Amino acid sequence: MLNHILSLQIFLPLLGVLLILAIPKLSDNGARWIALIVTTAVFGVSLCMMGQYQTGMADLQFVEKSTWFPALNLQYHVGVDGISVYFVLLSTFLTPICIVSCWHAIEKRVKEFMIAFLVLETFMVGTFCALDSILFYVFFEGVLIPMFIIIGVWGGARRVYSAFKFFLYTLLGSVLMLIALLYLYMQTGTTDITLMADNNLDLNVQIWLWLAFFASFAVKMPMWPVHTWLPDAHVEAPTAGSVILAGVLLKMGGYGFLRFSLPILPDASAYFADMVFWLSVVAIIYTALVALVQEDMKKLIAYSSVSHMGFVTLGIFTGTQQGVDGAMFQMLSHGIISAALFLCVGVVYDRLHTREISRYGGLVKNMPRYATVFMVLMLGSVGLPGTSGFVGEFMTLMGSFQVNTYVAVFATTGVVFGAAYMLVLYRRVIFGQQKNADAAAMPDLTRMEFAYLVPLAVMAILFGIAPGLVMKNISPSVSNLIQIYQYNKTPDAPLRLSAVKAQTIEGNHHE
Amino acid sequence: MNDFSFAMLMPMMPELFLAVSGMLLLVLGVFHGDKSSSAIGWLCVLAFAVTTSLLLQNSWVETKVLNGMFVMDQFAGVLKLLILAGLMVSVALSIRYIEDEKMARFEYPLLILFSGLGMMLMVSANDLLSLYMGLELQSLALYVLASIRRDNVKSSEAGLKYFVLGAISSGMLLFGASLVYGYTGSTNFIVIGDTLAAGLSVGALIGMVFLLAGIAFKISAVPFHMWTPDVYEGAPTSVTAFFALVPKLAALGLLIRVLFEAFPTAAMQWSQIITILSALSMGVGAFAALQQDNIKRLLAYSSIGNMGFALVGLAAASPEGAASILVYMTIYMVMTAGTFGVVLSMRRNGVALENISDLSGLSRNCPSSAYALAILMFSMSGIPPLAGFFGKFMVFKAAVGAEMYGLAVFGILTSVVAAYYYLRIIKVMFFDEPVPVFEKGAPFVRRLVVGLSVLFVLVFVLNPSPLVSISRDAVSVFFNG
């Protein structure tokens, strides 16, 4: 089983789909149970994989390789290293939670919902495991189908607009990546991600390719200014959809930068690093300010996600051990905390069917347990020392300080704004007067809600005080990546840069 | 050369059989009248099946008969298989529909049969004369089919429009053929190719351009696409399904053979023309479809766009590109068959429906066809892991391989625009409020076609290799020496 442990995680959810389809006259509850059992089993397999994961090894583990598309020499090649293994774990961990969280919230077309979620899990895990670039693309873009359906069918009032926006935005980005992948395939003669780094592409070429990848990953991330699909998608998606969107799908962008942009296009990555820094800083500060004035809880958290992802892109393109480590950690921490925050919003939304902040207030009186859990997560999102949010932000800032002081200074102010909007949200929802009778009458967390929120809150604290638990596996792979990046980055890149500039100046003269 | 024996005609056996059985069925139809239309329809399907088996038994090694006018090779074999499959599906899908629409005439399946015969001759044509004969046999049957509902204004208009514009395009094609003949001294593709290899003449090039224009009309490449939306909309839906499935495949096959056999030395020139045709088709196909409310018009523009994508492969002018067209067209054909299978079942109170809004809430009224159509639409928009993605993947890979980055980027961007209107169909089915249900009881054949098509789209990802290998083998005939 160990030899195929990744395939098992990728394809087991599809078995669930077949079961749901094959059993005639399956009740809605039956579909829920099948989905829950299957996804829990997948999580179990993931835990087994973690148990077998060899700490300290930077290389890929659990590698499977077999022919898939011999006519084009494409392979079914999967494997994980420190960079991807936790994303796999995060995906398989959040999916059963999502299914539990919408046990009562989703009443119509339950079977279809469960099928969409299981398919989504297949694509998510596949994206993080794939080591063949075309296979990666297939999974990466396949995610759009179930997510489009989830937002469009079970979403809120403006769901159609949001679903289209989400789909077309991300599709537009990814198709450009496809052309870049095809070009790399032609140039390097391989689609193997691990071998693609061994290329001698000119900086001029790298720049175009980098931009194509950037179009895809920046939209997925999402980076300012292409983030506008995210608030819409989050607001309209059902709770479970938001959780997966924030928890896993956003990480695909960061993961893509780490897998493709840095190792395969090092020169261009260095060339564009400053641009990414400033875009990240704008994202961190601007979207934090935007979050401050939101009246909709989900929208506020959505903007906070954009802001937090700003730290990730900042960290990744520092190209330093701390920066990339921090970006990785920030992604995982955000995956847990923002997913949990969306679940928290879902809890009150299920009771009152509104996300307007002003409709709530004083929940601490009637929902003390909710207030406690929410507080932990809120503080995690703020980045209070002792929570996982702090570690990620701190490390990325440290990494960026080594590279670009100004950027680090500006980015740090984002932490302050982050505290501002989260605290305001918390105060308005949990403390203050109980203005509305219906909000005041809401019951506290049910046992089931408690059961899925507490583990997330515990993890937010646990990783805050013992980040080494995950860093020990992440760091070796990251340092390996940094080595490749620094080594492939030609030492005379500045020279070549000036050559490019000279060329353009020359070109201008010709005109 | 003068020792004529029937054994020499062996490579033509499938065509001969089809022609003879078509004539016999015609006689049968004349004696039994229109009430025999469904029997004749099934007999046509049987004739196609027998033809297919004859084709499979035939040797696919390159052989030329009739003084080099007719060639049977790997490429022709593969294309004929596809054409026959498309013909079978078209007739099988039509039989019930023409009865429901009270237009069951025994000529209907026979016209499909004869146009199919024309297509088979087209893809085997190795001479400008046999090319023209095949093309016209096909086209005349198609003109009549488009206007088969002669008491209906739209249908007659469609037929007439198609006929007039088709005649103009045939004229252009003939003019081009005469120029090529005048400047190369032969109508045989091989001889033309050899003559031009010795030196390109401007006259022959102009002739080639006219030839291209004529054929571009048949595959409805922009700017020769004007007829497509009107004909698609005006013709009865079953005829539209047939138009969408087969004729363009045959015309593309013909185009590939003409360009690679007769004008390989002018590749640089025709590649430019094809690039423009392709870019325009993709652009117009994507943007014009956005505004359509009639699903047949929408599919017409979609087919224009899809021809544009297929032409991307041809513009690459490489073996890989030629193979990618076959892959693309095969996948496109399967998806189209399934799509029309669903569209044909759109009827309420005995009336066939054609508006996209009639699909509203289909997912609740008839979940199985809604899911089938949704999967097909996702596939049409080229989202992996569905089959449609691999078609696009292959053509763009060929384009990137030929260093045509501009075309590749432009094409892939239009595919995003196109995704919007495919998604719109999904939106109407899944997100909108339901309208009254369609009539129940889609015939078994239709459901089978839809089911098989969806299955193909879903599982193609598991083993995409064979189709690519077959296509490569098929086009290798043009590149081996």
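Evaluated against (1) surrounded by 24 or more Cβ atoms within 10 Å (Cβ to Cβ); (2) away from chain A (no Cβ under 11 Å); (3) more than 18 Å from B:THR336 (Cα to Cα), B:VAL395 falls short on exactly one condition, (2).
Of everything in the stretch B:149-165 that's closer than 14 Å to B:ILE98 by Cβ and buried (at least 21 other Cβ atoms within 10 Å of the Cβ), which residue is farthest from the chain's Cα centre (by Cα)? Per the stated criteria, the residue is B:ARG149. The single condition among (1) within 8 Å of chain A (Cβ to nearest Cβ); (2) within 24 Å of the chain's Cα centre (by Cα); (3) more than 25 Å from A:GLY126 (Cα to Cα) that B:GLY401 does not meet is (2). Scanning the stretch B:417-427 for residues that are open to solvent by less than 10 Å² (accessible area, probe 1.4 Å) and either within 10 Å of chain A (Cβ to nearest Cβ) or without any contact (Cβ under 8 Å) to a residue 12 or more places away in the chain (or both) returns B:ALA419, B:LEU423, B:ILE426. In the condition set (1) open to solvent by 40 Å² or more (accessible area, probe 1.4 Å); (2) within 13 Å of B:SER124 (Cα to Cα), B:ALA76 is compliant with all but (1).
Can you tell which of B:GLY401, B:GLY411 is at pLDDT 90 or above, surrounded by fewer than 24 Cβ atoms within 10 Å (Cβ to Cβ) and within 23 Å of A:ALA71 (Cβ to Cβ)? Full working, then the answer.
Working: B:GLY411 fails: surrounded by fewer than 24 Cβ atoms within 10 Å (Cβ to Cβ).
Going through B:GLY401, B:GLY411 in turn, the sole match is B:GLY401.
Is at least one residue of the stretch A:495-508 modelled with pLDDT of 55 or more and either among the hydroxyl-bearing types (Ser, Thr, Tyr) or part of a helix (DSSP H, G or I) (or both)? Outline the logic, then answer.
Within the stretch A:495-508, the subset modelled with pLDDT of 55 or more is none.
Within the stretch A:495-508, none of the residues are modelled with pLDDT of 55 or more and either among the hydroxyl-bearing types (Ser, Thr, Tyr) or part of a helix (DSSP H, G or I) (or both).
Evaluate the following for A:ASP438: is it over 30 Å from A:THR313 (Cα atoms) and either in a helix (DSSP H, G or I) or β-branched (Val, Ile, Thr) (or both)? Taking the combined requirement at face value, the residue satisfies it. For the stretch A:273-283, the criterion of being in a helix (DSSP H, G or I), under 30 Å from A:ALA157 (Cα atoms) and open to solvent by less than 10 Å² (accessible area, probe 1.4 Å) is satisfied by at least one residue.
Of all the residues in the stretch A:254-308, those that are more than 22 Å from A:VAL382 (Cα to Cα) and in contact with a Gly (Cβ under 9 Å, 6 or more places away or on another chain) number 5. When A:ARG109 is tested against (1) at pLDDT below 90; (2) more than 9 Å from chain B (Cβ to nearest Cβ); (3) surrounded by fewer than 24 Cβ atoms within 10 Å (Cβ to Cβ), just one condition goes unmet, and that condition is (2).
Among the residues in the stretch A:185-198, are any at negative phi, surrounded by 24 or more Cβ atoms within 10 Å (Cβ to Cβ) and not acidic (Asp, Glu)? Looking for residues that are at negative phi, surrounded by 24 or more Cβ atoms within 10 Å (Cβ to Cβ) and not acidic (Asp, Glu), one finds at least one in the stretch A:185-198, hence yes. In summary, helices (runs of 4 or more DSSP H) completely within the stretch B:371-462 and bearing 3 or more residues that are closer than 20 Å to B:LEU277 by Cβ and of a type in the set (Gly, Ala, Ser) occur at B:387-401, B:405-430.
Facing chain B (nearest Cβ under 10 Å) and surrounded by fewer than 24 Cβ atoms within 10 Å (Cβ to Cβ): which single residue out of A:TYR169, A:TYR137 fits that description? Spell out how you get there, then give the answer.
On the way: A:TYR137 fails: surrounded by fewer than 24 Cβ atoms within 10 Å (Cβ to Cβ).
Step by step, each of A:TYR169, A:TYR137 is checked, and only A:TYR169 is facing chain B (nearest Cβ under 10 Å) and surrounded by fewer than 24 Cβ atoms within 10 Å (Cβ to Cβ).
In the stretch A:1-28, the residues that are touching a residue at least 40 places away in the same chain (Cβ under 8 Å) form Cβ pairs under 6 Å with partners that are open to solvent by 20 Å² or more (accessible area, probe 1.4 Å) and of a type in the set (Lys, Arg), at six or more places apart or across chains, as follows: A:ILE20/A:LYS111.
For every residue, the table says whether it meets (1) within 14 Å of chain B (Cβ to nearest Cβ); (2) outside any helix (DSSP H, G or I); (3) over 30 Å from A:CYS98 (Cα atoms); (4) not β-branched (Val, Ile, Thr).
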{"site": "A:LEU181", "(1), (2), (3), (4)": "yes, no, yes, yes"}
{"site": "A:MET186", "(1), (2), (3), (4)": "yes, no, yes, yes"}
{"site": "A:ALA212", "(1), (2), (3), (4)": "yes, no, yes, yes"}
{"site": "A:MET223", "(1), (2), (3), (4)": "no, yes, no, yes"}
{"site": "A:HIS234", "(1), (2), (3), (4)": "no, no, no, yes"}
{"site": "A:ALA246", "(1), (2), (3), (4)": "no, no, no, yes"}
{"site": "A:SER261", "(1), (2), (3), (4)": "no, no, yes, yes"}
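Of all the numbered requirements in (1) over 20 Å from B:ALA316 (Cα atoms); (2) surrounded by 20 or more Cβ atoms within 10 Å (Cβ to Cβ); (3) of a type in the set (S, T, N, Q), B:THR275 misses one, and that requirement is (1).
Evaluating A:LEU195 against the criteria (1) within 13 Å of another protein chain (Cβ to nearest Cβ); (2) without any contact (Cβ under 8 Å) to a residue 40 or more places away in the chain leaves one unmet condition, (1). Total residues in the stretch A:112-135 satisfying the condition of being in contact with a Ser or Thr (Cβ under 9 Å, 6 or more places away or on another chain) and over 28 Å from A:PHE213 (Cβ atoms): the figure is 3.
Got a sec? Which of B:ALA352, B:ALA374 is among the hydrophobic types (A, V, I, L, M, F, W, C) and either within 12 Å of chain A (Cβ to nearest Cβ) or buried (at least 24 other Cβ atoms within 10 Å of the Cβ) (or both)?
Working: B:ALA352 fails: either within 12 Å of chain A (Cβ to nearest Cβ) or buried (at least 24 other Cβ atoms within 10 Å of the Cβ) (or both).
Answer to the selection: B:ALA374.
Scanning the stretch A:442-461 turns up no residue that is assigned to a helix (DSSP H, G or I), open to solvent by less than 20 Å² (accessible area, probe 1.4 Å), in contact with a Lys or Arg (Cβ under 8 Å, 6 or more places away or on another chain) and modelled with pLDDT under 85. Residue count for the stretch A:67-91 under the criterion of being open to solvent by less than 10 Å² (accessible area, probe 1.4 Å) and facing chain B (nearest Cβ under 10 Å): the result is 3. Against the numbered list (1) within 24 Å of B:ALA244 (Cα to Cα); (2) open to solvent by 70 Å² or more (accessible area, probe 1.4 Å), B:HIS32 comes up short only at (1). When the stretch B:112-148 is limited to residues that are open to solvent by less than 10 Å² (accessible area, probe 1.4 Å) and hydroxyl-bearing (Ser, Thr, Tyr), the one that is farthest from B:GLY176 (Cα to Cα) turns out to be B:SER115.
Table: residues versus (1) open to solvent by less than 30 Å² (accessible area, probe 1.4 Å); (2) hydroxyl-bearing (Ser, Thr, Tyr); (3) without any contact (Cβ under 8 Å) to a residue 12 or more places away in the chain.
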{"site": "B:LYS440", "(1), (2), (3)": "no, no, yes"}
{"site": "B:VAL449", "(1), (2), (3)": "yes, no, no"}
{"site": "B:PHE460", "(1), (2), (3)": "yes, no, no"}
{"site": "B:LEU467", "(1), (2), (3)": "no, no, no"}
{"site": "B:ASP473", "(1), (2), (3)": "no, no, no"}
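Given the condition open to solvent by less than 50 Å² (accessible area, probe 1.4 Å) and within 30 Å of B:VAL477 (Cα to Cα), answer yes or no: does some residue in the stretch B:94-107 qualify?
Restricting attention to the stretch B:94-107, the residues satisfying the condition of being open to solvent by less than 50 Å² (accessible area, probe 1.4 Å) are B:94-95, B:97-98, B:100-101, B:103-104, B:106.
Applying the additional criterion that residues be within 30 Å of B:VAL477 (Cα to Cα) yields none.
No: the stretch B:94-107 contains no residue that is open to solvent by less than 50 Å² (accessible area, probe 1.4 Å) and within 30 Å of B:VAL477 (Cα to Cα).
Apart from one condition, B:PRO367 fits all of (1) open to solvent by 20 Å² or more (accessible area, probe 1.4 Å); (2) farther than 21 Å from B:SER345 by Cβ; (3) facing chain A (nearest Cβ under 9 Å); the exception is (2). A:ILE145 meets the conditions (1) more than 10 Å from chain B (Cβ to nearest Cβ); (2) closer than 21 Å to A:GLN9 by Cβ in every case but one. The failed one is (1).
The values are calculated or read from the model by the stated rules, or taken from the named source; none is laboratory data. In this text the structure is predicted, and so the values were computed from the model without any measurement. Here the Cβ is made from the backbone with ideal geometry for all residues, glycine too, and neighbour counts use every protein chain on show. When the accessible area is computed, the model is the full protein with side chains, heavy atoms only, and any ligands, DNA or RNA have been set aside. Shrake-Rupley method; radii C 1.70, N 1.55, O 1.52, S 1.80 Å.
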